[in-house]
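Data first, discussion second: the structure below is written as structure tokens.
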Amino acid sequence: NSKGQITEGSTTNVFFIKDNVIYTPKRACGLLPGVLRRYIIEHFECEETVIYPQDIQDMDECFVTNSLMGVMTLTDLAGKHFETDCIGKQIQARYLGDCSL
């Protein structure tokens with residue numbers, strides 16, 4: 001956004017994990033609130049916060065979401081390599097399980 005805060009991808013909402021806590025940008029940052037974003041916020045402990053590009057380097061995991069592709073874990077973003085995707089994969093599995101009901 002115009003303040004340099006991370007909001008979203010061009011077609012995705014973005015989530016980061018640090019010390020087993022899920023973070024996503026606040027709606028007040030100017031993002032479009034996605035359906036899957038809402039699902040994750042409602043079904044998992046997720047903190048809406050302001051995230052800056054420099055914060056990415058301290059994150060343990062990252063995943064993006066949208067209604068068509070679901071949950072997709074990332075291995076690299078903005079020069080940061082994420083060593084793990086455990087929590088992202090757990091969220092993906094739970095979402096896929098809930099969708100099959």
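See the values below:
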{"item": "Failed item, numbered, when Ala78 is tested on (1) open to solvent by 50 Å² or more (accessible area, probe 1.4 Å); (2) in contact with a Phe, Trp or Tyr (Cβ under 6 Å, 6 or more places away or on another chain); (3) closer than 19 Å to Thr11 by Cβ", "result": "(2)"}
{"item": "Answer residue from region 2-12, given it is of a type in the set (S, T, N, Q) and open to solvent by less than 70 Å² (accessible area, probe 1.4 Å) and is farthest from the chain's Cα centre (by Cα) among those", "result": "Gln5"}
{"item": "Residue count, region 72-84 (criterion: assigned to a strand (DSSP E or B) and more than 13 Å from the chain's Cα centre (by Cα))", "result": "3"}
{"item": "Strands (runs of 3 or more DSSP E) completely within region 1-71 that count 2 or more residues being over 20 Å from Thr84 (Cβ atoms) and not basic (Lys, Arg)", "result": "46-49"}
{"item": "Any pair with Cβ under 8 angstrom, 6 or more apart, that starts in region 59-70 at a residue that is more than 13 Å from Arg37 (Cα to Cα) and ends at one that is surrounded by 15 or more Cβ atoms within 10 Å (Cβ to Cβ) and of a type in the set (S, T, N, Q)", "result": "Glu61/Thr73; Cys62/Thr73"}
{"item": "Residue satisfying all of: in region 13-58; open to solvent by less than 50 Å² (accessible area, probe 1.4 Å) and in contact (Cβ under 8 Å) with a residue 60 or more places away in the chain; farthest from Leu74 (Cα to Cα) among these", "result": "Ile22"}
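To keep it simple, each residue is scored yes or no on (1) within 23 Å of Gly97 (Cα to Cα); (2) modelled with pLDDT of 95 or more.
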{"residue": "Phe15", "(1), (2)": "yes, yes"}
{"residue": "Lys18", "(1), (2)": "no, yes"}
{"residue": "Glu48", "(1), (2)": "no, yes"}
{"residue": "Met59", "(1), (2)": "no, yes"}
{"residue": "Ser67", "(1), (2)": "yes, no"}
{"residue": "Leu74", "(1), (2)": "yes, yes"}
{"residue": "Glu83", "(1), (2)": "no, no"}
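The values are calculated or read from the model by the stated rules, or taken from the named source; none is laboratory data. Only a predicted model underlies this, so the values are computations on that prediction, with no experimental measurement involved. So basically every Cβ, Gly included, is an ideal-geometry build from the backbone, and we count neighbours across all protein chains shown. When the accessible area is computed, the model is the full protein with side chains, heavy atoms only, and any ligands, DNA or RNA have been set aside. Shrake-Rupley method; radii C 1.70, N 1.55, O 1.52, S 1.80 Å.
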